[in-house]
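Peer 1: Take this structure, written in structure tokens, and hold onto it; I'll ask about it next.
The values are calculated or read from the model by the stated rules, or taken from the named source; none is laboratory data. As the structure is a prediction and not an experimental result, all values here were calculated from the model. Cβ: placed from backbone, ideal geometry, glycine included. Neighbour counts: every protein chain shown.
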Amino acid sequence: MRNSFITTLMAQARQDERIFLLCGDLGYSVLEPFAAAFPDRFLNVGVAEQNMVGLATGMSLEGYTVFCYSIGNFPTLRAMEQIRYDVAYHEANVKIIAVGGGYAYGPFSTSHHTTEELGMLRTIPGMVVTAPGDPAEVDAVTAFIAQHRGPCYMRLNKAGEPRLHAQPPRLTLGGIVPVRTSAGATAAVFATGDMVGYAARHLERHAPRVDLYSFPFVNPIDTAQLAALAQRYTDIATLEEHQANGGFGSAVLERLHDLLSDGVLAKLPAVKRIAIPNAFVSSAGSQDFLRDKMGLKLDDWLATRT
């Protein structure tokens with residue numbers, strides 16, 4: 001995902017001289033092509049993520065479209081106050097990019113886990129929150145946020161993720177992307193981030209009659225598309241590498257209940273949230289190990305449907 005991000009960002013930067021990239025002392029073997037191509041539009045600010053966000057805000061107010069790139073929790077949880085007061089309050093054209101969301105840096109333990117930021121960021125007014133599901137969606141989301149005026153966040157996994165789409169999907173703000181659908185299916189998985197890839201592989205092997213949709217936008221979510229899906233399926237599972245409190249599944253439930261109360265939906269589908277059970281994990285290990293330990297799998301939900 002990170003390689004797709006930098007390739008697409010370079011393409012956008014060739015077309016828009018306002019694009020500027022800041023990083024927090026990382027990105028080696030990833031960001032060098034951008035730095036070489038645009039040396040006057042790249043700056044490594046060092047281990048100073050809060051200052052990086054403040055600097056980005058000032059630059060954006062001078063007309064730049066500023067991307068801030070760092071490891072998962074550091075440009076988000078560490079800099080949440082700066083994101084709220086500097087970026088969002090001023091509607092600054094700043095894009096926070098977190099590589100290694102969820103448990104991607106699992107061996108480094110809790111200090112490097114990023115499992116609360118989607119919930120925090122989606123509650124900040126005006127913040128567009130994204131978590132693309134594969135490299136093709138990264139291409140599409142990077143281009144989208146580069147052209148979108150205002151605060152944005154993108155969660156990336158890390159590297160080596162397979163492509164689920166032959167071409168980058170066309171995105172509108174809040175748009176939902178079908179990954180696999182079948183005629184007559186009554187159940188679907190709604191997933192975000194790299195859990196989309198896990199779901200695609202698992203459903204292919206174990207539940208070919210269950211449909212899958214990627215939600216590259218956690219905030220906002222297109223309510224018209226969501227309403228159509230809620231009318232199509234009777235059983236839905238939401239899947240995310242994030243705490244259950246306030247995350248992607250919560251966002252889906254909130255919007256479904258709003259659609260019900262507004263009279264758009266006559267009834268709600270059954271929705272099962274599959275997320276981290278609001279607990280820190282005391283173990284260190286690979287991303288797959290920690291996902292399994294924290295119950296991020298579809299087996300139990302699928303078993304109830306057979």
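Peer 1: Among the residues of segment 186-217, write down those that are farther than 12 Å from residue 299 by Cα and of a type in the set (D, E, K, R).
Peer 2: Matches in segment 186-217: 194, 201, 204, 209, 211.
Peer 1: Okay, moving on. I'm trying to understand the selection: among the residues of segment 34-55, which are over 24 Å from the mean Cα position of the chain (by Cα) and surrounded by fewer than 15 Cβ atoms within 10 Å (Cβ to Cβ)?
Peer 2: Passing the criteria: 36, 37, 39, 40, 46.
For every residue, the table says whether it meets (1) part of a helix (DSSP H, G or I); (2) aromatic (Phe, Trp, Tyr); (3) within 16 Å of the chain's Cα centre (by Cα).
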site	(1), (2), (3)
57	yes, no, no
60	yes, no, no
66	no, no, no
69	no, yes, yes
74	no, yes, yes
81	yes, no, no
85	yes, yes, no
91	no, no, no
95	no, no, yes
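Peer 1: Another question, if that's okay. Which of the residues that make up segment 217-244 are under 19 Å from residue 183 (Cβ atoms) and of a type in the set (Phe, Trp, Tyr)?
Peer 2: 233
Peer 1: In segment 177-188, which residue that is among the β-branched types (Val, Ile, Thr) and surrounded by 17 or more Cβ atoms within 10 Å (Cβ to Cβ) is farthest from residue 220 (Cα to Cα)?
Peer 2: 179
Peer 1: For segment 273-291, which positions are free of Cβ contacts under 8 Å to residues at least 60 places away in the same chain and either under 20 Å from the mean Cα position of the chain (by Cα) or under 18 Å from residue 158 (Cα atoms) (or both)?
Peer 2: 273, 274, 275, 277, 278, 288, listed by residue number.
Peer 1: While we're on this one: Restricting attention to segment 189-203, and to residues there that are in contact with a Lys or Arg (Cβ under 8 Å, 6 or more places away or on another chain) and surrounded by fewer than 23 Cβ atoms within 10 Å (Cβ to Cβ), which single residue is nearest to residue 276 (Cα to Cα)?
Peer 2: The residue in question is 198.
Peer 1: Moving to a separate point now. Inspect segment 199-211 for any residue being under 13 Å from the mean Cα position of the chain (by Cα), at pLDDT 95 or above and at negative phi and give the result as yes or no.
Peer 2: There is no residue in segment 199-211 that is under 13 Å from the mean Cα position of the chain (by Cα), at pLDDT 95 or above and at negative phi.
Peer 1: Go through the residues of segment 1-16 one by one and say whether even a single one is surrounded by 24 or more Cβ atoms within 10 Å (Cβ to Cβ), under 20 Å from the mean Cα position of the chain (by Cα), in a loop (DSSP other than H, G, I, E, B) and in contact (Cβ under 8 Å) with a residue 60 or more places away in the chain.
Peer 2: yes
Peer 1: Then there's this: If I go through segment 134-167 residue by residue, how many of them are modelled with pLDDT of 95 or more and either assigned by TED's automatic domain parsing to the domain that holds residue 239 or under 30 Å from residue 57 (Cα atoms) (or both)?
Peer 2: Total satisfying the criteria: 23.
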